[in-house]
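Here's the structure we're looking at; comments come further down.
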Amino acid sequence: MTLNLRMAWRNLWRHKRRTWLTVTAMIFSNVLLVFMISLQFGSYEMMIVNTLQTFSGHLQVQAAGYQDNPRLRTSIPAIESLAQALQQTLRETLPGARAAPRAAAFALASSERRSFAIQLVGVQPSAEPGVSTLPGLVTSGRYLRDGGDPEIVIGSVMSRNLKAGVGDEITLLGAGRDGSFAAGVVTVVGVFDSGSADMDRGIAEVPLDWFQDAFAMADHGNTIAIAVERLADVPPAVRVAAAMASARGDEAGSLLVLDWNDLYPGLRQAIQADLFSGWFMYGVLIFLVAFSVLNTQLMSVLERTREFGVISALGIRPRKLAALVMLETAQMALIGLGVGLLLGWLVAQYFNVHGFSYPGMEQIAERYNLPGEMYPRVTLGTLLLGPSVVFAFCLLAAIYPAVRLFRLRPVEAMRAA
Amino acid sequence: MSRDSGLSLPAMSRLSWRYLWRNHRRTVIMLLAITVGVWAMIFMTALMRGMVDKMIEDGIDALPGLVQIHHPAFRDDPNIENSLPAPGAELLEALASAPVAAWAPRVKVPAMISSERDTRGVTLLGVDPAREIELGFDPQSVVAGRFLEGADDQGLVVGRKMLERLETELGKRVVVMSQDPENEIADRGFRIVGVFEGKLPSQEEQWIYAGLGTTQKLLGMGGAVSEIAVTGGDFRDVGALHAHVRAAVGEGAEVLPWTELDTYLGLMLGVMDGFVLVWIIVIFLALSFGLVNTLMMAVFERIREIGLMQALGMRPAAILYQVLLESLMLLALGLLLGNLLAVATILPLRGGIDLSMVAEGFEMMGVSSTLYPALTRKDLVMANAVVIVLGFLTSLLPAWRASRYRPVEAIAKT
């Protein structure tokens, strides 16, 4: 075997320049693939995490039908005790799990000078920071406190639109759970700035106790937001929550557990669409490299026709010759893989530390809840995925030149020019 | 060229052509690679262009218009207080002349809509239906009932999703609440006369249409409007329209083209141009290694012949030209096939590619789910020019090397 390896190695370097050109093509595509794939996966993860962490949580418990048609009366009874029980049970297996109960309704918010329709969310002030980053993004004033005081936290754009800041009063008008007229006056205690214009314009939070009073909810709420430590913890958390929800749901209508994919179907589809167009581009690149290898190996076989003729006349089987050609290709592809992987890793690692950006990206990224700089995700998977596919296709490309050797006729081959 | 080398151009072309096909397998493989590369350049560019064009067209339809006039504070604070007076004579005259194709005055205010079952926040649009249709509202998108029939129509047109959300139906009454200029609540009952289907599902929950006059009366704003939307000409070239409208509007109003009204859309156009160029160059680089390799092998095989020809008096320059010509022939052939293949694959897709499988994902990007590839002359020219020019430059190296062989050494080489 070592003899074969050495022979293949020497054959490879008979045409130094040709081999290097082919290897460079591999390195070029490998570096590009490693960088692009780790950037893609980095941005996907950031997109998911940023979307979920700001407000929705990784999963939610809702009454059946709420996701499709979020109405105040599609509610969960005794929501605070359920949220607490859920958190306790989840923590038995996932110590970092947090759960927070919420209720939500549309309301007309009026300040002294302005009126706007807003999404009003009732939250438990002490539990909310565990599932959402909004409480931490309060830039003036403070976040809500437990106790059910008539206070409200609003977004920065809403504050501007309503011309109301910390200390101002806001009148809320809406319809209660029973269809009755719901109204109340609350004082702005804080203004948050999440960076997402939609959220800063449309969402306001009040204490859940106050919300339940004002909207005739008794002890009901609409959703329980649950956050876990890592995305990988989501499936086990869904299983635990689903078991509890089904036990509890029988009492009053059924409860559903939705993970981030159910909450934001668009998120996964956007990722899929992006992956698809990504793989089309990578496919073309890999195809071109494979053709380069095919050309090189075919030429290298053709120019050795005489040599192969002599060898096979000496009794070496075509199978061995074909294996030799494959071995040469594998050695060449390995160099491409190694160097490409190393350079690709360096590039990805550099941007992983310094962030990657291009002009105009900040505004575009905002649309996907991304910051203005992207950080490639450097893992064994994102590093190896592209180069290993390139490696496989290079070997595939060498099959045709190798198979040709089975048709070699020693006598004719030895006479070849 | 012919004087330098002693070989006429036709003779040299014939020579290059024969050399090209001497090792037909190698040439066919390289030709295939160039064809696929060029196809991928053009095909992918057409798809991406189509996507961005659609995104921009849909975005402009949603704005609507290519240019809009607002009160300077309206975009930051979309309140009835920040309205514009009805257009004056000078502006009306400007809006009636080219390059303006259509324009519409609109009231656009935040409002609440309530049925007996539910309440939602919406954007109330007071429109002149005939003008709105000229501006791009598709009457076909009203899937039940009718669109408004005049500026004083008493009816309301809502989105299909909104109808579900409110658990109401066509012909029923709803209450619309907003704010008048004195910050008093202004409300009014409306009968739902039509239901529209939005290009993006979110529009169905965001917009409700009422007559312009009816809305102005409800809000007690006289003849004032929130915005004047203007369209005319191609979206890529909005400068003239913008300047024309701007000249007619005095100080005290803000006139902005779509690229600034929706900066995301404006940026997409620029980022797209960058992406197309990067994509074409990346593909070319991947091709270039194979191209250089092929030429080097071709030259290497005939070192002896080259030496012989030089010994017989052919000049190095002629050898350089000959190899370059060979490369250009290969490139031109690959370009021809690649372009043909691209056109052949794009034409059948002209009717649109249905991507409804991932529709919600595309909505996040602001794209509706049918993709129409857009093959533009500019992109075609760019792809072909990049391949020919850069291909020529990369061929210089092997061609130059071929011309540098010393006749005696070359002949001696086996």
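Where a number appears in this text, it was derived from the coordinates with a stated rule and is not lab data. On a predicted model such as this, the values are computed, not experimentally measured, just so you know. FYI the Cβ positions are ideal-geometry reconstructions off the backbone, even for glycines, and counts take in every protein chain you see.
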Quiz item: Excluding same-chain residues fewer than 8 positions from B:K217, which aspartates and glutamates have a Cα within less than 16 Å of its Cα?
Solution: B:E81, B:D128, B:D152, B:D153, B:D180, B:E182, B:E184, B:D187
Self-check item: Which of A:V138, A:V61, A:V23, B:V143 has the fewest Cβ neighbours within 10 Å, and the rest in rising order
Solution: B:V143, A:V138, A:V23, A:V61
Self-check item: the stretch B:35-139: C-alpha gyration tensor shape, a/c 1.5 cut-off, then a/b vs b/c
Solution: oblate
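Quick check on chain B: helices-only [θ] at 222 nm, where DSSP H runs of length 4 and up contribute -39,500 (n - 2.57) each and the sum goes over total residues. Nearest 500, please. Write out the running numbers ahead of the final one.
Details: 16 runs with 225 residues, N = 414.
The helix contribution divided over chain B gives -17500 deg cm²/dmol.
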Quiz prompt | Acute angle (nearest 10 degrees) that the helix A:79-93 long axis makes with the longest principal axis of chain A, alpha-carbon atoms | solution = 30 degrees
Practice problem: For the stretch A:387-394, take each phi angle, set θ = phi - 60°, evaluate the Karplus expression 6.51 cos²θ - 1.76 cosθ + 1.60, and give the result in whole Hz per residue in order, putting x for glycine and proline. | Solution: x, 5, 5, 4, 4, 4, 6, 5
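When the convex hull of the C-alpha atoms of the stretch A:65-253 is computed, what volume per residue in Å³ does it have?
Details: hull volume 21.9 nm³, N = 189.
So the per-residue hull volume is 116 Å³.
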Quiz item: So, in Å, what gap is there between the alpha-carbon centers of the stretch A:139-153 and the stretch A:312-354?
Solution: 63 Å
Practice problem: Rank A:Y44, A:Y350, A:Y358 by mean-square fluctuation in a GNM of chain A with C-alpha springs under 10 angstrom and give only the top-ranked residue. | Solution: A:Y358
Quiz item: Excluding B:F147 itself, what net charge comes from residues whose Cβ is under 10 Å from its Cβ, given Lys and Arg +1 and Asp and Glu -1?
Solution: -3
Self-check item: Charge-dipole axis of the stretch A:65-253 as Lys and Arg at +1 and Asp and Glu at -1 on Cβ define it, positive-most pick from A:M199, A:V238, A:P125
Solution: A:M199
Quiz item: In percent, what relative contact order does chain A have, based on Cα pairs under 8 Å that are 6 or more apart in sequence?
Solution: 26 percent
Quiz item: What residues qualify as long-range amide H neighbours of A:I76, i.e. H under 5 Å apart, gap of 5 or more or another chain, H built at 1.01 Å from N?
Solution: A:G221, A:N222
Quiz prompt | Total formal charge among the other residues, if their Cβ is under 12 angstrom from that of B:A374, Lys/Arg +1 and Asp/Glu -1 | solution = +3
Quiz item: Counting pairs of alpha carbon atoms under 8 Å apart in space and at least six apart in sequence, what relative contact order in percent does the stretch A:65-253 give?
Solution: 30 percent
Quiz prompt | Segments A:151-159, A:223-231, B:263-271 sorted - mean Cβ within 10 Å per residue, highest first | solution = A:151-159, A:223-231, B:263-271
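Taking Cα pairs under 8 Å and at least six residues apart, what relative contact order does chain B come out at, in percent? Before the final figure, lay out each step's value.
On the way: 709 pairs, mean separation 109.9, N = 414.
Reported relative contact order: 27 percent.
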Practice problem: Please give the average number of partner chain Cβ atoms lying within 10 Å of the Cβ of each residue in B:164-170, rounded to a whole number. | Solution: 1
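Cβ under 12 Å from A:G355's Cβ, A:G355 left aside: what net charge do those residues give with Lys, Arg +1 and Asp, Glu -1?
Working: positive: none; negative: A:E362, A:E373.
Local net charge: -2.
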Quiz item: Of B:S97, B:L212, A:N4, which is farthest along the charge dipole of the protein assembly as shown in the positive direction, counting Lys and Arg as +1 and Asp and Glu as -1 at C-beta?
Solution: A:N4
Exercise. Report the FRET efficiency, 1/(1 + (r/R0)^6), for A:T171 and B:E260, where r is their Cβ-Cβ distance and R0 is 41 Å, rounded to 0.05.
Key: 0.70
Self-check item: the stretch B:395-405 - phi-based ³J(HN,Hα) in whole Hz, Karplus 6.51/-1.76/1.60, Gly and Pro as x
Solution: 6, 4, 4, x, 5, 5, 4, 4, 7, 9, 5
Quiz item: For the stretch B:65-261, what size does the Cα cloud have along each of its three principal axes, sorted from largest down, in whole Å?
Solution: 49, 38, 26
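For the peptides B:387-396, B:201-210, what is the packing order when you average, over each peptide's residues, the other Cβ atoms within 10 Å and list the highest mean first? Numbers along the way, then the final one.
Numbers: B:387-396: 17.1, B:201-210: 20.5.
Descending mean neighbour count gives B:201-210, B:387-396.
Give me B:D180, A:D198 sorted ascending by neighbouring Cβ count inside 10 Å, so fewest comes first.
Details: B:D180 16, A:D198 11.
Lowest count first: A:D198, B:D180.
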Exercise. Could you tell me how many degrees, from 0 to 90 and to the nearest 10, lie between the Cα long axis of helix B:239-248 and the main elongation axis, the longest principal axis, of the Cα atoms of chain B?
Key: 30 degrees
Exercise. In nm, give the distance between the simple-model label positions of B:R117 and A:D262, each being 7 Å from the Cα along the Cα-to-Cβ direction.
Key: 2.2 nm
Practice problem: Output the peptides B:319-326, B:301-308 sorted from most to least packed, where packing is the average of other Cβ atoms within 10 Å over each peptide's residues. | Solution: B:319-326, B:301-308
Quiz item: Between the helical axis of A:318-354 and the dominant principal axis of chain A, each derived from Cα atoms, what acute angle in degrees is found, rounded to the nearest 10?
Solution: 30 degrees
Quiz prompt | Proximal lysines relative to A:K16, as straight alpha-carbon distance under 20 Å, when same-chain residues fewer than 8 apart are discounted | solution = B:K413
Quiz item: Running Debye on chain A with equal point scatterers at the Cα sites and no solvent, what base-10 log of I(q)/I(0) appears at q = 0.06 Å⁻¹?
Solution: -0.42
Quiz item: Rounded to the nearest 5, what is the percent of antiparallel bridges among the DSSP beta bridges in the stretch A:65-253?
Solution: 75 percent
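By DSSP, what percent of the beta bridges with both residues in the protein assembly as shown are antiparallel, rounded to the nearest 5? Present the calculation step by step, with values, prior to reporting the outcome.
Details: 81 of 101 bridges.
The antiparallel proportion sits near 80 percent.
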